[in-house]
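One structure, pasted below without further comment.
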2 protein chains.
Amino acid sequence: MREVDPARIARDIECIASFSETDRSAGHSRPTFSPAWAQAREYVLQQAREAGCETRVDAAGNLHARRPSLGWDAPAWLCGSHIDSVPTGGRFDGVTGVVTALEVLRAAPGAPVELIVFAEEEGTTFGLGMLGSKAWAGALDAAALSSVRNAQGQSFLEAGAAFGVDADRLAAERLAPSRYLGLVEVHVEQGAGMWRDHVPLAVVTAINGRRQYRCSLQGAANHAGSTTMEDRRDALAGAAEIIRYLESLARDLADGSPRTVITVGRIEVHPNAINVVPGRAAFSIDFRSSSEPVISRGEERLLARLPRLAGARGLAIQLQQTETLPVVPLDASVCQRLRAAAGRLGLQLPDAASGALHDSAILAPLVPTAMLFVASKDGISHNPAEESRVEDIALAARVVVEAFQS
Amino acid sequence: MREVDPARIARDIECIASFSETDRSAGHSRPTFSPAWAQAREYVLQQAREAGCETRVDAAGNLHARRPSLGWDAPAWLCGSHIDSVPTGGRFDGVTGVVTALEVLRAAPGAPVELIVFAEEEGTTFGLGMLGSKAWAGALDAAALSSVRNAQGQSFLEAGAAFGVDADRLAAERLAPSRYLGLVEVHVEQGAGMWRDHVPLAVVTAINGRRQYRCSLQGAANHAGSTTMEDRRDALAGAAEIIRYLESLARDLADGSPRTVITVGRIEVHPNAINVVPGRAAFSIDFRSSSEPVISRGEERLLARLPRLAGARGLAIQLQQTETLPVVPLDASVCQRLRAAAGRLGLQLPDAASGALHDSAILAPLVPTAMLFVASKDGISHNPAEESRVEDIALAARVVVEAFQS
């Protein structure tokens, strides 16, 4: 066994960060299948080859790397994450798990490891998250992949064709659980808790469930000067009332389950002009919790209340669920393996639950899956100021090497 | 005197409506200096020439037409409005006053009339309204016209150069009040009152004052799943709270002054992604009232409250006043002239106040100004469904002809 090298990890992070659609001062933008994303993936591919691996891309666009001595069919540990980013995101989200896996390949040449880079985790490029892992796991078919579109109007199949995505091979190349011992994804926490408590690493034992909705309000565009307050059907004012309600609903639900959050992250207003009462507003709702009963109760209240709030203002509402993902418990034996490996290195790892979703949630029903969280400075993520310690990431790599070799 | 012809008016409205950047089913879009706007202006110019007029464009981009027999220096009545539109607006806003003026030129060849088409009334193209009338009236100088920009990044001076705008001639061609007997602008009401009360025409005796602000909230973009509700500084949630407050403030102020309205018509959110807590939100505030004391009181409350609402959420706020226009009383003698002219045609015109701003508000301090309102179906305006009766517009033309010939 060779040593985990923090300097190599730091260089990998810097190199991947250099590939961005936007200037680095504005943050890192790597939409899936964009030139910046392709350059970052090419970098990972080259590093894997330099570490002595063969690489392949499956029909869903995910990149795999294994040593030829292991072969593609022998049972191995999956290790990796994603390199696509939200618009103007940070350097560590996803990238942390990919560079950890590269370092594990380098430091543990004898371990049965397969690096994986999942295609399109964030959901900001095609409006739906974890497309690569879902398609590989068989949870999304070709029809679904052809119906989601990026800002250029291309479907996942169209935009991904140049990067190995191929509807015809999807079924044949579907994830074969028998080839895998399990999956370990290292990821930054993206919350403030571990950093605040001086915890460098934690074992993730569950991933929050998520419901996403698209809500559209239709009122009447009208003149901002001559339309009295009583005569208005203002779609943005209606959206504002709903956003406030969702915020209070989340706080209310979080009373019993602190990992409960509701976010309205995206809104579009029409005609969006300074002197016109908004006639239409469409926005996203993202609702997560670590408790299934809380999700059910919250959804029930949301579905009952939003149409009432809209109706009271004379607004027509369309409320469509766009995604539903259950709370995912991670594999107890893989969690225990990580704790034990850390113990042999003299570390005691606390447990954590993931507020964010990850590709691990998609694979967990199929292969034994666990995650390691690395502390995020001040919990800032999806933001250019996102920061984690390279020494914490190196520590995660050491734990994974120890876990995979035992 | 010839007859006012409703069929000619209907044809003018249809022809101008045919010039739009967007498909007509989506509404009428004629940003100032766009190809669609230029075609509409060319149509008006041709119609004025066919009615026997000479035309010229002043250095601020406003189109003028007079009969050669009258000459450019003789005192005349200004009559007209604008042909630019909000995005996906209706067929009657502005156009009504232009086609009325065309019909007055045709029906009253002996009357001392100058048709005017003001450049950029709406404010949606360059972010500031009534640019043509303000520049002609000397209320905006070349520096101001070079600082406002359209969506293509061109200033008013740059975009208008091909249409007669010329900074060097602005001072020399400034409005000379001595050349004008007054201004009568015919416009649709854009409110529901006249239509509801079966009033086809009304004399506008005052125009509401307006304050506009740009408000920007800076929080922290962060992960929508892993950031607890307590750890968030969500700029969109803050904007929603402010939008709700402004709505209640307007209703409160309108108790004493029913013509008081506040509108948030435009909002931009960053990064505007489904799974990111919004880090920044910027929106417009448009505040109007027919009462100066109400405007002062409202502004005082708004300026005190918004920073407190933002501060309580850990959001930094920038609140900038972008426009201030006082309540404008219109000229009592011109109003009386319109009432008397209507009386001779057997009509009794009620008084109205304008909730919307118009170029008339800019010229009123310089030349005796009044307006005639034409009923708007259901008060709908700045909307493709905007509708007025051609026979009401023809009635307005008859009143104006009668007023200008007396």
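Need the failing condition index for A:Ser284 against (1) within 7 Å of another protein chain (Cβ to nearest Cβ); (2) more than 27 Å from B:Gly265 (Cα to Cα); (3) not aliphatic (A, V, I, L, M), just the number.
Of (1) within 7 Å of another protein chain (Cβ to nearest Cβ); (2) more than 27 Å from B:Gly265 (Cα to Cα); (3) not aliphatic (A, V, I, L, M), only one is false for A:Ser284: (2).
So which residues in the range A:213-225 are within 7 Å of chain B (Cβ to nearest Cβ) and either polar (S, T, N, Q) or more than 21 Å from B:Arg259 (Cβ to Cβ) (or both)? Give the steps one after another, and end with the answer.
Filtering the range A:213-225 down to residues within 7 Å of chain B (Cβ to nearest Cβ) leaves A:220-225.
Scanning the range A:213-225 gives a single hit, A:Asn222.
When A:Ser290 is evaluated against the numbered criteria (1) touching a strand residue (DSSP E or B) at 6+ places or on another chain (Cβ under 6 Å); (2) more than 13 Å from chain B (Cβ to nearest Cβ), which criterion, by number, is the only one it fails?
Only one criterion is unmet by A:Ser290, namely (2).
Could I ask something else about it? Would you pick out the residues in the range A:178-225 that are at positive phi and either among the β-branched types (Val, Ile, Thr) or open to solvent by 10 Å² or more (accessible area, probe 1.4 Å) (or both)? Lay out the reasoning, then the answer.
Just the residues of the range A:178-225 that are at positive phi, to begin with: A:182, A:190, A:198.
Answer for the range A:178-225, where residues must be at positive phi and either among the β-branched types (Val, Ile, Thr) or open to solvent by 10 Å² or more (accessible area, probe 1.4 Å) (or both): just A:His198.
To continue, here is another question. Against the condition facing chain B (nearest Cβ under 10 Å) and either closer than 30 Å to A:Arg389 by Cα or under 19 Å from the mean Cα position of the chain (by Cα) (or both), how does A:Gly265 come out, does it pass?
Considered against the rule, which asks whether it is facing chain B (nearest Cβ under 10 Å) and either closer than 30 Å to A:Arg389 by Cα or under 19 Å from the mean Cα position of the chain (by Cα) (or both), A:Gly265 comes out as yes.
Select from the range A:237-248 the residues that are buried (at least 19 other Cβ atoms within 10 Å of the Cβ) and more than 9 Å from chain B (Cβ to nearest Cβ) and list them in ascending order.
Across the range A:237-248, the qualifying residue is only A:Gly238.
Of the conditions (1) at pLDDT 95 or above; (2) within 24 Å of A:Leu366 (Cα to Cα); (3) not basic (Lys, Arg), A:Thr205 fails just one. Which one is it?
Checking A:Thr205 against (1) at pLDDT 95 or above; (2) within 24 Å of A:Leu366 (Cα to Cα); (3) not basic (Lys, Arg), the one that fails is (1).
When the range A:331-385 is examined, which residues are found to be within 14 Å of another protein chain (Cβ to nearest Cβ), assigned to a helix (DSSP H, G or I) and not basic (Lys, Arg)? Let's see the steps before the verdict.
Filtering the range A:331-385 for residues within 14 Å of another protein chain (Cβ to nearest Cβ) gives A:352-361, A:371, A:373-385.
If we keep only those that are assigned to a helix (DSSP H, G or I) too, we end up with A:359-361, A:377-379.
If the condition is that a residue be within 14 Å of another protein chain (Cβ to nearest Cβ), assigned to a helix (DSSP H, G or I) and not basic (Lys, Arg), then A:Asp359, A:Ser360, A:Ala361, A:Asp378, A:Gly379 are the ones that fit.
Inspect all residues belonging to the range A:309-326 and state whether any of them is touching a helix residue (DSSP H, G or I) at 6+ places or on another chain (Cβ under 9 Å) and at the interface with another protein chain (Cβ under 9 Å from one of its Cβ atoms).
Within the range A:309-326, none of the residues are touching a helix residue (DSSP H, G or I) at 6+ places or on another chain (Cβ under 9 Å) and at the interface with another protein chain (Cβ under 9 Å from one of its Cβ atoms).
Of the residues B:Leu102, B:Leu78, which is assigned to a helix (DSSP H, G or I) and not small (Gly, Ala, Ser)?
Working: B:Leu78 fails: assigned to a helix (DSSP H, G or I).
That would be B:Leu102, the only listed residue that is assigned to a helix (DSSP H, G or I) and not small (Gly, Ala, Ser).
Another question about this same structure. Where the second residue is among the small types (Gly, Ala, Ser) and outside any strand (DSSP E or B) and the first is facing chain A (nearest Cβ under 10 Å) and without any contact (Cβ under 8 Å) to a residue 12 or more places away in the chain and lies in the range B:113-135, which pairs have Cβ atoms under 6 Å and are six or more apart or on separate chains?
Between residues of the range B:113-135 that are facing chain A (nearest Cβ under 10 Å) and without any contact (Cβ under 8 Å) to a residue 12 or more places away in the chain and residues that are among the small types (Gly, Ala, Ser) and outside any strand (DSSP E or B), the close pairs are B:Gly123/B:Gly129.
Which ones in the range A:48-75 are more than 19 Å from A:Val401 (Cβ to Cβ) and outside any strand (DSSP E or B)?
Within the range A:48-75, A:Arg49, A:Asp58, A:Ala59, A:Ala60, A:Gly61, A:Asn62, A:Pro68, A:Gly71, A:Trp72, A:Asp73 qualify.
So, of the residues in the range A:134-157 that are within 22 Å of A:Gln39 (Cβ to Cβ) and either in the same structural domain as A:Ile285 (by TED's automatic domain parsing) or touching a Phe, Trp or Tyr at 6+ places or on another chain (Cβ under 9 Å) (or both), which turns out to be surrounded by the fewest Cβ atoms within 10 Å (Cβ to Cβ)?
A:Gln154
Among the listed residues B:Glu292, B:Glu391, B:Glu387, B:Glu323, identify the single one that is under 19 Å from B:Arg214 (Cβ atoms) and acidic (Asp, Glu).
Details: B:Glu292 fails: under 19 Å from B:Arg214 (Cβ atoms); B:Glu391 fails: under 19 Å from B:Arg214 (Cβ atoms); B:Glu387 fails: under 19 Å from B:Arg214 (Cβ atoms).
The conditions single out B:Glu323.
A follow-up question, please. Would you please list the contacts, defined by Cβ atoms under 6 Å and residues six or more apart or on different chains, that run from a residue in the range A:226-248 that is among the aromatic types (Phe, Trp, Tyr) to a residue that is at pLDDT below 95 and assigned to a helix (DSSP H, G or I)?
none
Quick check on the range A:1-17: of everything there that is open to solvent by 30 Å² or more (accessible area, probe 1.4 Å) and at pLDDT 95 or above, which residue is nearest to A:Arg91 (Cα to Cα)?
Of the range A:1-17, the ones open to solvent by 30 Å² or more (accessible area, probe 1.4 Å) are A:1-3, A:5-8, A:10-11, A:14-15.
Within this subset, residues satisfying the condition of being at pLDDT 95 or above are A:5-8, A:10-11, A:14-15.
Numbers: A:Asp5: 19, A:Pro6: 16, A:Ala7: 16, A:Arg8: 15, A:Ala10: 11, A:Arg11: 12, A:Glu14: 8, A:Cys15: 10 Å.
Checking each candidate, the answer is A:Glu14.
Return a yes/no flag: does the range A:80-94 have any residue that is more than 16 Å from the chain's Cα centre (by Cα) and of a type in the set (A, V, I, L, M, F, W, C). Working first, answer last.
Residues of the range A:80-94 more than 16 Å from the chain's Cα centre (by Cα): none.
Within the range A:80-94, not a single residue is more than 16 Å from the chain's Cα centre (by Cα) and of a type in the set (A, V, I, L, M, F, W, C).
Something else now. Enumerate the strands (runs of 3 or more DSSP E) found wholly within the range B:243-298, keeping only those where 1 or more residues are basic (Lys, Arg) and at pLDDT 95 or above. Break it down stepwise before answering.
Working: elements: B:261-263, B:267-270, B:280-289.
Hits in the range B:243-298: B:280-289.
Given (1) touching a helix residue (DSSP H, G or I) at 6+ places or on another chain (Cβ under 9 Å); (2) touching a residue at least 60 places away in the same chain (Cβ under 8 Å), identify the lone condition not met by A:Gly164.
All conditions pass for A:Gly164, except number (1).
While we're looking at this one, here's another question. Against the condition within 7 Å of chain A (Cβ to nearest Cβ) and surrounded by fewer than 21 Cβ atoms within 10 Å (Cβ to Cβ), how does B:Thr228 come out, does it pass? Before you say what the answer is, go through the steps one by one.
On the way: within 7 Å of chain A (Cβ to nearest Cβ): yes; surrounded by fewer than 21 Cβ atoms within 10 Å (Cβ to Cβ): yes.
Yes; evaluated as a whole, the condition is true for this residue.
Collect the residues in the range A:271-283 that are open to solvent by 10 Å² or more (accessible area, probe 1.4 Å) and more than 12 Å from A:Leu236 (Cα to Cα), keeping them in residue-number order.
A:Ile274
Is there a residue in the range B:112-126 that is surrounded by fewer than 23 Cβ atoms within 10 Å (Cβ to Cβ), at pLDDT 95 or above and part of a loop (DSSP other than H, G, I, E, B)?
yes
Considering every residue within the range B:83-99, establish whether at least one is assigned to a strand (DSSP E or B), in contact with a helix residue (DSSP H, G or I) (Cβ under 8 Å, 6 or more places away or on another chain) and open to solvent by less than 40 Å² (accessible area, probe 1.4 Å). Even if it seems obvious, please write down each step before you answer.
Looking only at the range B:83-99, we keep the residues that are assigned to a strand (DSSP E or B), and these are B:89.
Within this subset, residues satisfying the condition of being in contact with a helix residue (DSSP H, G or I) (Cβ under 8 Å, 6 or more places away or on another chain) are none.
No; the residues of the range B:83-99 include none that is assigned to a strand (DSSP E or B), in contact with a helix residue (DSSP H, G or I) (Cβ under 8 Å, 6 or more places away or on another chain) and open to solvent by less than 40 Å² (accessible area, probe 1.4 Å).
What do you reckon, is B:Arg337 open to solvent by 70 Å² or more (accessible area, probe 1.4 Å) and in contact with a helix residue (DSSP H, G or I) (Cβ under 7 Å, 6 or more places away or on another chain)?
Details: open to solvent by 70 Å² or more (accessible area, probe 1.4 Å): yes; in contact with a helix residue (DSSP H, G or I) (Cβ under 7 Å, 6 or more places away or on another chain): yes.
Yes, satisfied.
Further, regarding this structure: Residues of the range A:376-393 being modelled with pLDDT of 95 or more and of a type in the set (A, V, I, L, M), which ones?
A:Val390, A:Ile393
Here's a follow-up. Picking from B:Ser29, B:Ser69, which residue would you name as being within 26 Å of B:Gly355 (Cα to Cα), polar (S, T, N, Q) and surrounded by fewer than 24 Cβ atoms within 10 Å (Cβ to Cβ)?
On the way: B:Ser69 fails: within 26 Å of B:Gly355 (Cα to Cα).
Unique residue meeting the criteria: B:Ser29.
Working carefully through the options A:Leu347, A:Leu319, A:Leu309, find the one that is open to solvent by 20 Å² or more (accessible area, probe 1.4 Å) and touching a Cys at 6+ places or on another chain (Cβ under 8 Å).
Details: A:Leu347 fails: touching a Cys at 6+ places or on another chain (Cβ under 8 Å); A:Leu309 fails: touching a Cys at 6+ places or on another chain (Cβ under 8 Å).
Among A:Leu347, A:Leu319, A:Leu309, only A:Leu319 is open to solvent by 20 Å² or more (accessible area, probe 1.4 Å) and touching a Cys at 6+ places or on another chain (Cβ under 8 Å).
Which of the numbered conditions does B:Arg305 fail, given that it passes all the others? Conditions: (1) in contact with a strand residue (DSSP E or B) (Cβ under 7 Å, 6 or more places away or on another chain); (2) in contact (Cβ under 8 Å) with a residue 60 or more places away in the chain.
Unmet for B:Arg305, out of (1) in contact with a strand residue (DSSP E or B) (Cβ under 7 Å, 6 or more places away or on another chain); (2) in contact (Cβ under 8 Å) with a residue 60 or more places away in the chain: (1).
The values are calculated or read from the model by the stated rules, or taken from the named source; none is laboratory data. These figures come from a predicted structure and were not determined experimentally. Cβ: placed from backbone, ideal geometry, glycine included. Neighbour counts: every protein chain shown. We work out accessible area using only protein heavy atoms, side chains counted, and drop any ligands, DNA or RNA first. Shrake-Rupley method; radii C 1.70, N 1.55, O 1.52, S 1.80 Å.
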